[in-house]
1. Net charge near Thr252: determine it from the other residues with C-beta under 14 Å of the C-beta of Thr252, scoring Lys and Arg +1 and Asp and Glu -1.
2. Please list the non-local residues whose amide H lies under 5 Å from the amide H of Ala143, H modeled 1.01 Å from N, same-chain partners needing a gap of 5 or more.
3. Can you give me the Cα centroid spacing of the range 39-82 and the range 188-214 in angstrom?
4. For a quick check: with amide H placed at 1.01 Å from N, whose amide H comes under 5 Å from His154's, ignoring anything fewer than 5 positions away on the same chain?
5. Using every alpha carbon pair in the range 98-149, what percent of pairs falls into each 5 Å bin from 0 up to the bin containing the largest distance?
6. Stretch Trp216-Phe151 to full length: gain in nm at 0.36 nm per residue minus the Cα-Cα span?
7. Would you calculate a helix-derived [θ] at 222 nm for the chain, using -39,500 (n - 2.57) for each DSSP H run of n ≥ 4 and dividing by the full residue count, to the nearest 500?
8. I want to verify the translational diffusion coefficient of the range 123-253 in µm²/s; compute it with Stokes-Einstein, Rh as the Kirkwood radius over Cα pairs, at 20 °C and 1.002 mPa s.
Amino acid sequence: MPENKKPTIVIFLAILGLAIIWGSSFILVKKSLAHYSALQVGALRICSASLFFIPIFLKRFKYIEKKYTLSFLSAGLTGNLIPAILFAIAGQHLSSALSGMLNAFTPLFTLIIGILFFAQPFLWKQMTGILVGLIGCLGLLFAGQGFNIDFNVHALWVVLATLLYGINMHIVKTKLSGLHPLTSTAGIFMTIGPLALGLLYSTGFFEIPLDNEHLWAFISAMALGLFGSAIGMLAFNQIIKWTSAIIASSVTYMIPIVALGWGFMDGEAIYFSQIIFMFVLLAGIYLVNKSKA
């Protein structure tokens, strides 16, 4: 039995809360892009999260050895900075709902990359889930109104981001598993924070006035980092500590639904075919997770 086991209702509410936080990230990206560029939104998101982790980093600095620096950098780039920019680029051309639905492809990429490059054991019964998931992902890429084909090339930015998320999972697992999650997460953000700050400076962000016109876009981008990247990461690690990685990953099923709800309330065009393929993708993830149990 996991340490610090909590009542089922507490675990459920924690997973639900995390799904709301991460599922809301896509609409926050959209609102941030109203007055900032994709590069500025992605960099500001990371800067916000890095500020949150400064006191944690200072407290845990004594546990960090220099040998982890390169791993912090690679994990930070693949799991945070580059995906944050890619999602912002995609948000200029995609609905937040579609971005949220495609984000569900992350667990499948994690599995595929693990099998191909990290000697992760492959179970043939996982193949059905992988194939179903791929069908769902391809369906989302090509689904248009009334099941017409309507390929949006910008959706590939999200697919690339989920690929990087999958790589990041294995970097953290193989290179940083010896550190406490708080220590490794703080180290990651302290490593990429200066890079994000440099990107912000290079875009002329600090010359933009923080007036009423830009205020809500600024708050949305800061909330992305504070909640989506910082608090969300801590909550996910805590849920794993209470339960297991498989149970914590159940948040994957809720995130697209939350994103879909925000998109609907914001008046985005959402096609019935997209909803169908979203559930096909989630079914694939379920089959893969079931095969691990």
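1. Net local charge, Thr252 excluded: +2.
2. When sequence neighbours closer than 5 places are left aside, the close amide H contacts are Asp150.
3. 15
4. Here the answer is none, since no amide H 5 or more places off falls under 5 Å of that of His154.
5. Going out from 0 Å in 5 Å bins, the range 98-149 shows 4, 18, 25, 21, 15, 10, 5, 3, 0 percent.
6. Extra length available between Trp216 and Phe151 comes to 20.2 nm.
7. -22500 deg cm²/dmol
8. Reported coefficient: 116 µm²/s.
The values are calculated or read from the model by the stated rules, or taken from the named source; none is laboratory data. As the structure is a prediction and not an experimental result, all values here were calculated from the model. Note: ideal-geometry Cβ built from the backbone for every residue, glycine included; neighbour counts use all protein chains shown. Side chains included, ligands, DNA and RNA excluded: accessible areas come from the protein's heavy atoms. Shrake-Rupley method; radii C 1.70, N 1.55, O 1.52, S 1.80 Å.
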